[in-house]
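One structure is given here, and the rest of the page talks about it.
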Amino acid sequence: MKAYKISEILYLIICVISIKEAFTLWDVRPEKAYLFVGFAALAIFMFFFRRHYRKKFNRRNP
């Protein structure tokens, strides 16, 4: 169970790093910045997806 929670936190860290990179690259290379914005969106989606299934699994196996 602890590994699932750690993976959720890792997805949030990936999101923060991707947003930071997108802001630093926005003026220099906007096409690459959009790629990092996409990574951030994907990381947020995966965070909520994993969180949903972890809670569902906890409810099924107390």
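Distance between the pseudo-spin-label points of I9 and T24 (7 Å out from Cα toward the beta carbon): 2.3 nm.
Report P(r) for the chain: all Cα-Cα distances, bin width 10 Å, range 0 to the bin holding the largest distance, values in whole percent. Calculated P(r), rounded to whole percents: 24, 39, 22, 12, 3, 0. For a paramagnetic label modelled at 7 Å from the Cα of N61 toward its Cβ, which residues of segment 1-39 fall within the zone defined by backbone nitrogen distances under 14 Å? Zone members listed by number: 1-5. With neighbour counts taken as other beta-carbon atoms within 10 Å, the residues K20, K2 rank, fewest first, as K2, K20.
Readers should treat all values here as calculations from the given coordinates under stated rules, not as data from a laboratory. These numbers come from a predicted model, not from an experiment. Ideal geometry is used to build each Cβ from the backbone, glycine not excepted, and the neighbour counts take in all protein chains shown.
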